[in-house]
1. Any chance the stretch 82-96 includes a residue that's under 19 Å from residue 67 (Cβ atoms), of a type in the set (Phe, Trp, Tyr) and free of Cβ contacts under 8 Å to residues at least 24 places away in the same chain?
2. Can you tell me which of 144, 79 is buried (at least 17 other Cβ atoms within 10 Å of the Cβ), within 27 Å of residue 58 (Cα to Cα) and not charged (D, E, K, R)?
3. Only one of these is charged (D, E, K, R) and surrounded by fewer than 17 Cβ atoms within 10 Å (Cβ to Cβ): 124, 152. Name it.
4. Select from the stretch 155-172 the residues that are closer than 26 Å to residue 93 by Cα and surrounded by 14 or more Cβ atoms within 10 Å (Cβ to Cβ) and list them in ascending order.
5. In the stretch 145-166, what residues are in contact with a Gly (Cβ under 9 Å, 6 or more places away or on another chain) and not small (Gly, Ala, Ser)?
6. Please go through the stretch 63-80 and pick out each residue that is in contact with a strand residue (DSSP E or B) (Cβ under 7 Å, 6 or more places away or on another chain) and part of a loop (DSSP other than H, G, I, E, B).
7. Of the conditions (1) part of a loop (DSSP other than H, G, I, E, B); (2) in contact (Cβ under 8 Å) with a residue 40 or more places away in the chain, residue 56 satisfies every one except a single condition; which number is it?
8. If I ask for residues that are acidic (Asp, Glu) and in contact (Cβ under 8 Å) with a residue 40 or more places away in the chain, which ones from the stretch 153-177 would you list?
Amino acid sequence: MKTYQKLIFSLFLSSALAGCSMFGGGDVGGGTNGGVNGGANGGASTEGIDDSDYYAGHPLDNPSSPLSTKVIYFAFDSTTVEPEYGPVLAAHGAYLAANAGVFVMVEGHADERGTREYNVALSEKRANTVQNLLNLQGAGSNRTEAVALGEEKPVAMGHDESAWHLNRRVELVYPAH
């Protein structure tokens with residue numbers, strides 16, 4: 001019986017290799033290193049394959065997913081979320097809507113300019129804006145909490161525009177997964 005199984009497997013493998021040209025149009029053994037599809041690295045071509053479909057880690061850590069972006073930056077003295085962050089917040093809102101047991105802390109931050117009271121109020125408005133957008137995407141207000149940290153937790157210590165830009169932010173903080 002084992003010989004029969006080996007024969008079937010060998011036939012399957014042979015026909016699969018012979019038909020490789022229908023998956024990418026290359027020749028078997030035709031590359032510089034004899035690889036499938038003529039790949040220079042000797043491996044199979046991954047052209048046209050979305051790597052996010054094959055990520056085996058936690059969805060929040062997938063570098064190909066908008067869920068991996070957890071920091072939203074703001075312009076000076078602004079609480080407006082830039083359009084580039086729309087897909088990011090839509091993805092986080094959908095993730096929260098689909099995962100009932102998940103909670104996120106929405107931390108608002110400001111740069112060092114302005115009074116302490118002003119910066120706390122500004123960071124609160126930023127956090128509330130992001131929280132509202134997440135809730136509109138289905139997150140649910142009981143799964144998000146907005147916190148205003150003002151200028152108290154800078155990520156950049158400089159006193160120039162590049163440091164201030166990095167400190168004007170909202171961070172989406174999920175519990176350890």
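1. yes
2. After ruling out the rest, the residue left standing is 144.
3. From the options 124, 152, the qualifying one is 152.
4. 165, 166, 167, 168, 169, 170, 171, 172
5. Across the stretch 145-166, the qualifying residues are 147, 149, 151, 164, 166.
6. Within the stretch 63-80, 70, 74 qualify.
7. (2)
8. Result: 171, single match.
Quick note: the coordinates plus some simple rules give every number you see, no bench work behind them. None of the values given here were measured: they were computed from a predicted structure. Heads up, the Cβs are rebuilt from the backbone with ideal geometry, glycines too, and the neighbour counts pull from every protein chain shown.
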